[in-house]
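Structure first, then comments.
The values are calculated or read from the model by the stated rules, or taken from the named source; none is laboratory data. These numbers were taken from a predicted model, which means no experiment stands behind them. As a convention, Cβ positions derive from the backbone with ideal geometry for all residues, glycine included, and neighbour counts pool all protein chains shown. When the accessible area is computed, the model is the full protein with side chains, heavy atoms only, and any ligands, DNA or RNA have been set aside. Shrake-Rupley method; radii C 1.70, N 1.55, O 1.52, S 1.80 Å.
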Amino acid sequence: MSLYLFALLAFLTLAGGLGVVSTRNVVHAALYLLLSLLAVAGIYLILFAEFLALVQVLIYGGAVVIVVLFAIMLTRSSEYPRISDNRQWPLALVAALGLLGVLAAAFLAAPIQITQLQSPDFTALSGSLFTKWAVPFEIASLVLLVALIGAIIIARAGKNER
Amino acid sequence: MLENYFRQYGLAAIFLLVAFLVPVGMLAGSWVFSRLGVRPAKPSPVKDAPYECGMEPIGGPWNRFNFRYYAYALLFVIFGVEVVFLYPWAVRFIQMELFALIEMAIFILVLAAAWAYAWRKGDLEWR
């Protein structure tokens, strides 16, 4: 059952990825990216990584794709609505093949371990996050604060340039 | 535990499937009915408009929008990360003690400092 689900989700992930690089419309590319990212969230669910799937949907599927779409909306994309040619594609091919080689080598070198099917407790995860890892959690809020103020300042700089 | 997991996400999967099948079914039904001659095909420019009522769209869909919207996109990403932390907190809130409440209050107050800063500097006003 989970093998079929994995095959379906892996197909959707790869189809989305292929769509991103093959479509000529940048907005369509962003929507294909959304499909790919949501399918990855589904793969996390098969692996019982509920929290990771949630993060994937909220941050990548929601926020990051929105930022990509906003970037298309706010820039002069009307001048290049269709990506006709990208001269960097041979370089991208070399990089992609290199990454594939490294991943395949790592996958083949590591012995395959079959672990027991188990579902980690979501409440146990949150329990350790708010007791044992309370200080890193509060530090995360400071990191987010810096990011927020940075975003506000970047937006302000753009306003002055107009 | 495992049964429950599959049951819950199975329900979500059924929901997703229905959400996918409803629009696809509508389009397919429209196509089938036009083939059978039940649905007449009379295209007109009014039918091709994006909305039947409301304002006439100004400019094309590739128009450039105001740059100020970008700030909202960035803020959305950061508050998305904040919500990710709120989620496990809410799941376990009933079992946790006052400590967790104070912890989350500090977390949100630190982020509210950025909001107060933006408000103070007048960045939230639309100019």
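At-a-glance table
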| item | result |
| --- | --- |
| Ranking by accessible area, most exposed first, for B:Asp123, A:Asp121 with a 1.4 Å probe | A:Asp121, B:Asp123 |
| Size of charge dipole - the range B:76-127 - debye, nearest 20, with Cβ of Lys, Arg +1 and Asp, Glu -1, no other charges | 160 debye |
| Inter-site label distance for B:Gln95 and B:Glu125 at 7 Å from Cα along Cβ, in nm | 5.0 nm |
| Accessible heavy-atom area order of B:Arg92, B:Arg64, B:Arg39, highest first, probe of 1.4 Å | B:Arg64, B:Arg39, B:Arg92 |
| Residue-wise HN-Hα coupling along the range A:95-106, computed from phi with Karplus coefficients 6.51, -1.76, 1.60 (Hz; x: Gly, Pro) | 4, 5, 5, x, 5, 4, x, 4, 5, 5, 5, 5 |
| nm² value of the averaged projected area, convex hull over the Cα atoms of chain A | 13.7 nm² |
| Accessible area of B:Phe93 in the full protein assembly, 1.4 Å probe (Å², nearest 10) | 90 Å² |
| Value in Å of the Kirkwood radius, where the range B:66-127 supplies the Cα pairs that are averaged | 13.5 Å |
| Positive-pole candidate from B:Ala113, B:Leu86, B:Ala73, dipole of the range B:66-127, charges at beta carbon | B:Ala73 |
| Probe 1.4 Å - accessible area at B:Arg68, Å² to nearest ten | 30 Å² |
| Extension gain (nm, one decimal) between B:Arg35 and B:Ala116, 0.36 nm per residue minus Cα-Cα | 23.1 nm |
| Dipole of the range B:1-63 [Lys/Arg +1, Asp/Glu -1 at C-beta], most positive-end residue of B:Cys53, B:Trp31, B:Asn63 | B:Trp31 |
| Estimated FRET transfer efficiency when R0 is 25 angstrom, pair A:Val67-A:Leu142 (beta carbons, to 0.05) | 0.65 |
| Three-way shape call for chain B based on the alpha-carbon gyration tensor, with the a/c threshold at 1.5 | oblate |
| Estimated [θ] at 222 nm from DSSP helical runs (n ≥ 4, -39500 (n - 2.57)) normalised by residues in chain A, nearest 500 | -24000 deg cm²/dmol |
| Dipole magnitude (debye, nearest 20) for chain A, charges at Cβ of Lys, Arg, Asp, Glu | 500 debye |
| Probe 1.4 Å - accessible area at A:Leu129, Å² to nearest ten | 30 Å² |
| Phi to ³J(HN,Hα) by Karplus 6.51 cos²θ - 1.76 cosθ + 1.60 over the range A:130-137, Hz, x for Gly, Pro | 9, 10, 6, 10, 5, 5, x, 5 |
| Value at 222 nm in deg cm²/dmol, rounded to 500, when DSSP H runs of n ≥ 4 in chain B each add -39,500 (n - 2.57) | -23500 deg cm²/dmol |
| Computed magnitude of the charge dipole of the protein assembly as shown (debye, nearest 20; Cβ of K, R +1, Cβ of D, E -1) | 920 debye |
| Quotient of Cα Rg and 2.2 N^0.38 Å for the range B:1-63, N being how many residues it contains | 1.86 |
| Pairwise Cα inverse-distance average, inverted: Kirkwood Rh of the protein assembly as shown (Å) | 23.5 Å |
| Shielding by partners, peptide B:90-100 (average Cβ within 10 angstrom, other chains) | 3 |
